[in-house]
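First comes the structure, then the notes that go with it.
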Amino acid sequence: MMQIFSGSSNSSLSNKLVESGFFTLGGIELSAFTNGELRVRITEKRVESEVTVLQSLSNPTEQYLVEFALICDALKRSGASKITAIIPWLGYSKQDKVFLPGEPLSVKVIANLLQTAPIEKLYTFDLHNLAIMGFFDIPLINLSAKPLFVEYFGRLPKENLLVAAPDAGAVKAATQFAQELGADVVYLDKKRDLVSGNVTIQGISRAVEGKDILMIDDLISTGATLIETSKYLKDHGAKNIRVGATHHLYVPGVQEKLDNSAIDELVVTDTIEKPATTLSNKLRLLSVAQLISNSSLNQEKPISY
Ligand code: R5P
């Protein structure tokens, strides 16, 4: 069994990994000094030479990034020689381009910062853009939560089912997903204003009247993509709309907007911990714990969508 040391971002996923029987939880104390600086102390009596650190770079991203680096340094000084990082949600990964002149290539900066920590290998889930892998010099394994969605939505009747790709970036994943389910696919033409962030849907590849729609996306941030797309689809006659998204960033107020949207069911994973205050009847959670356990211990070939 591998020792896992958990940062404070997603202890419920760390606990699930321990429950899955492949990991043991390493002792660690996480607190802060009175001036606000983070304080980390490894309390584990016997630190293995190969260890795993789990930290999602969710909000507050900068705090979790520093905490991650401190944990890795503390582990190295406590005897670990090989550290594998599990960062289920790679913060800043939406900033994967210089969108407007004068902007940084933010995710490259995060990749550089992460690699100042003594890690040998990094696991993440459903990267926003596979080109991000090129920003890392260490091996980056991009796992996918799609098998969870295939299993969960596989129960739906196929005759009336259409898998929807909300934008150009989702086309490949949605097409593969539709093939796995044995369903047809519909593409939407989404435009986002780079300054306001407003989303508009400008077209659709086929009629959706009376169809059961299953939309697959990598992440929910402002919720604008899903809200506008589902409204467009319902306005064009779709019968019901289900969504599978790997990462829910739980931006304050967004779940409420999603609850009031045309979406009938929203399924996300636990790459980011759900805040206890986020309540919703539409929201279902699937855990990526088993996918991590299988991949990290059995050295399975990672699935990339
Ligand atoms: C777009 O390229 C992504 O796949 C997501 O659709 C998008 O980032 C979701 O962001 P938001 O929830 O802010 O529309």
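Here are the numbers for this structure:
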read-out: Within the chain, helix-based [θ] at 222 nm, where runs of 4 or more DSSP H residues each add -39,500 (n - 2.57), nearest 500; value: -8000 deg cm²/dmol
read-out: Of all DSSP beta bridges in the chain, antiparallel share, percent nearest 5; value: 20
read-out: DSSP beta bridges in segment 189-305 [antiparallel fraction, %, rounded to 5]; value: 20
read-out: Full-stretch length increase - residue 41, residue 222 - with 0.36 nm per residue and alpha-carbon distance subtracted; value: 61.6 nm
read-out: Distribution of pairwise C-alpha distances over the chain, 20 Å bins, in %; value: 33, 55, 12, 0
read-out: Restricting segment 153-182 to trypsin sites (Lys or Arg not before Pro) in coil, as DSSP defines it, with at most 15 other Cβ within 10 Å; value: 155, 158
read-out: Amide proton proximity set for residue 121, modelled H, under 5 Å, gap of 5+; value: 85
read-out: Segment residue 180-residue 25, length gained on full extension (0.36 nm per residue, minus Cα span); value: 52.2 nm
read-out: Modelled FRET efficiency - R0 41 Å, residue 205 with residue 11, Cβ distances, 0.05 increments; value: 0.45
read-out: Shape of segment 23-173, Cα gyration tensor, a/c cut at 1.5; value: prolate
read-out: Between helix 61-77 and the chain: long-axis angle, C-alpha atoms, 0 to 90°, nearest 10; value: 40
read-out: Karplus 3J(HN,Hα) series, Hz, for segment 152-166 with 6.51 cos²θ - 1.76 cosθ + 1.60 (x for Gly, Pro); value: 5, 8, x, 6, 6, x, 8, 3, 10, 8, 10, 8, 10, 9, x
read-out: Relative contact order [Cα under 8 Å, 6+ residues apart], the chain, whole percent; value: 14
read-out: Residues residue 189 and residue 109, FRET efficiency given R0 of 25 Å [Cβ-Cβ distance, rounded to 0.05]; value: 0.20
read-out: For segment 266-282, Karplus couplings with θ = phi - 60° (6.51, -1.76, 1.60), whole Hz, Gly/Pro x; value: 10, 10, 10, 10, 9, 4, 10, 5, 6, x, 4, 7, 7, 10, 6, 7, 7
read-out: For segment 155-305, Kirkwood radius (reciprocal of mean inverse C-alpha pair distance, Å); value: 16.1
read-out: Along the chain, longest interval not containing exposed GluC sites (Glu not before Pro), exposed being DSSP loop plus at most 10 other Cβ atoms within 10 Å; value: 38-158
read-out: Residues with amide H under 5 Å from that of residue 3, placed H, sequence gap 5 or more; value: 24, 52
read-out: Degrees between helix 171-181 axis and first principal axis of the chain (Cα, 0 to 90, nearest 10); value: 80
read-out: Label-point separation, residue 82 to residue 236 (7 Å along Cα→Cβ), nm; value: 5.0
read-out: Cα-based reach from residue 239 at 22 Å (exclusive), listing lysines while leaving out same-chain residues under 8 positions away; value: 158, 190, 211, 231, 257, 282
read-out: Share, in percent, of DSSP beta bridges within segment 115-260 that are antiparallel, nearest 5; value: 20
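We did not get these values from a lab; they are worked out from the coordinates using the rules stated. Treat the numbers as computed from the prediction; the structure is a model and nothing was measured. Heads up, the Cβs are rebuilt from the backbone with ideal geometry, glycines too, and the neighbour counts pull from every protein chain shown.
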